[in-house]
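To start, the structure under review is shown below, and the notes come after it.
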Amino acid sequence: MNADHDVSGAELVRLTDRVWAWIQADGTWWVNNAGAVAGERGLCIVDTCATATRTRAFLAAVGDNVGTPIRWAFNTHAHGDHTYGNSLLPADTMLIGQRAMCDYLRTDPVIDGCPPLWEPVPNWGEVTRRVPEVEFTDDLTLDAGNLRVELRHPGYPAHTTGDGVAWIPDEGVLFTGDLLFNGLTPLVFMGSVDGALRSLEWLTGFGATQIVPGHGPVISGPDLDRVLADHEEYYRLIQALAAEGIQNGKEPLEVAVAADLGRFSGWADNERLVPNLHRAYADRGAGEVDVVTALADAVTWRGRPMRTVV
Ligand SMILES: [Zn+2]
């Protein structure tokens, strides 16, 4: 790999003959996973990264290790850690995303400057807004050349309103985007707690042997049951805290301050409790989530800005 593109903690992992995952440790805020799928007609990239440096490192590793020219790319959802590097893809790459994902990225203000809610404040580098040219609503199947890549939307909000997974049935690999986090606190404040809970069964239905989550290590074998059970227990805890808080007339931040997270208190990025509670309130009719307020409340709960390493 070109030293200029070296990013510590990032690794291109070969999952099968035709599928690679770009796993970036330690998976905290803005440090995502991505991937590449190689068919006979070309390569399909799954997600880019938050910064120009991280995206260049990913694309250089793919170029060095896979070689096949990039022909398509897919964004699993609109969040900047998965999309801000889009403009560094070759210009003739056909970029694909779910419709609600495209709508959000078109107006996302954070690409123009990140608010000081994280420490250090991320600097994206030389990237420009690139929204997918091809939109789908429910599903789209790509024939990459003797290899099918199935792009599927769950049909309801979950991590965001425009989530999509990439399923490669011949290889048994599923890229879930941020519908799953492995070893870090899940985040659902721009989607739905109820929908995220519902999506777990939908994800199970693919029968994948290897899953690339949006953040954290690749999931395979018996780990999948553990990861799904963790998510279910966590989402049910958020739902219960929100129901009780609403009943007692408390604000999400008050509920979070008093909450016992149990074993989830030791999870990375545990301040996501606060924005997740904002969403659980909204799921119960408390009005739309103000994204900046929800994140600012997380900083208050934590007592300092949130962590990132970008
Ligand atoms: Zn996300």
Worksheet entry | Rounded Å value of the spacing that divides the Cα centres of the stretch 42-57 and the stretch 189-264 | 27
Worksheet entry | Size-normalised alpha-carbon gyration radius of the chain, reference 2.2 N^0.38 Å | 0.95
Fill in: Separation between Cα centres of the stretch 112-174 and the stretch 270-310, rounded to whole Å
22
Discussion item. Under 10 Å, Cα contacts only: if you run a Gaussian network model on the chain, which one of 206, 181, 58 comes out with the highest mean-square fluctuation?
Written reply: 206
Fill in: Accessible surface of residue 131 - all protein chains present, 1.4 Å probe, nearest 10 Å²
30
Practice prompt. Show that you can apply the helix-only estimate: for the chain, add -39,500 (n - 2.57) for every DSSP H stretch of four or more residues, divide by all residues, and state [θ] at 222 nm to the nearest 500.
Written response: -9500 deg cm²/dmol
Practice prompt. Hey, can you grab everything whose amide H is under 5 Å from the amide H of residue 18? Only 5+ residues off in sequence or another chain; H modelled, so Pro and N-termini drop out.
Written response: none
Worksheet item: If 96, 23 are ordered by their accessible area, calculated over protein heavy atoms with a 1.4 Å probe, which sequence runs from highest to lowest?
Response: 23, 96
Worksheet item: Most fluctuating residue of 111, 246, 219 in a GNM of the chain with Cα springs under 10 Å: which is it?
Response: 246
Item to complete: Report the accessible area of residue 94, computed with a 1.4 Å probe over the heavy atoms of all protein chains in place, in Å² rounded to the nearest 10.
Response: 90
Worksheet item: Mind checking the dipole of the chain: about its Cα centre, +1 per Lys or Arg Cβ, -1 per Asp or Glu Cβ, Debye to the nearest 20?
Response: 180
Item to complete: Can you tell me the FRET efficiency between residue 258 and residue 14 if r is taken as the Cβ-Cβ distance and R0 is 45 Å, rounded to the nearest 0.05?
Response: 0.45
Item to complete: Report, for the chain, the % of DSSP beta bridges that are antiparallel, rounded to 5.
Response: 60
Practice prompt. Could you run the Karplus curve 6.51 cos²θ - 1.76 cosθ + 1.60 with θ = phi - 60° over the stretch 295-309 and give me ³J(HN,Hα) per residue in whole Hz, x for Gly and Pro?
Written response: 6, 5, 5, 5, 5, 4, 4, 6, x, 6, x, 6, 8, 8, 10
Item to complete: Under a 10 Å cutoff between Cα atoms, tell me which one of 267, 20, 118 has the largest fluctuation in the Gaussian network model of the chain.
Response: 267
Worksheet item: Given H placed 1.01 Å from N in the peptide plane, which residues other than close sequence neighbours of residue 73 have an amide H under 5 Å from its amide H?
Response: 45, 94, 95, 96
Item to complete: Show 59, 95 ordered by accessible area, largest first, where the area counts protein heavy atoms only and the probe is 1.4 Å.
Response: 59, 95
Worksheet item: Considering the Cα trace of the stretch 218-296, what is its radius of gyration and what is Dmax, both in angstroms?
Response: 13.6, 43
Discussion item. Quick check on the stretch 102-234: take the gyration tensor over C-alpha atoms, sort the square-rooted eigenvalues as a ≥ b ≥ c, and tell me if it's rounded (a/c under 1.5), prolate or oblate.
Written reply: oblate
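The values are calculated or read from the model by the stated rules, or taken from the named source; none is laboratory data. Keep in mind it's a predicted model, so treat the numbers as computed, not measured. Neighbour counts run over all protein chains shown; Cβ positions are idealised from the backbone, glycine included. Only protein heavy atoms, including side chains, enter the accessible area calculation; ligands, DNA and RNA are left aside. Shrake-Rupley method; radii C 1.70, N 1.55, O 1.52, S 1.80 Å.
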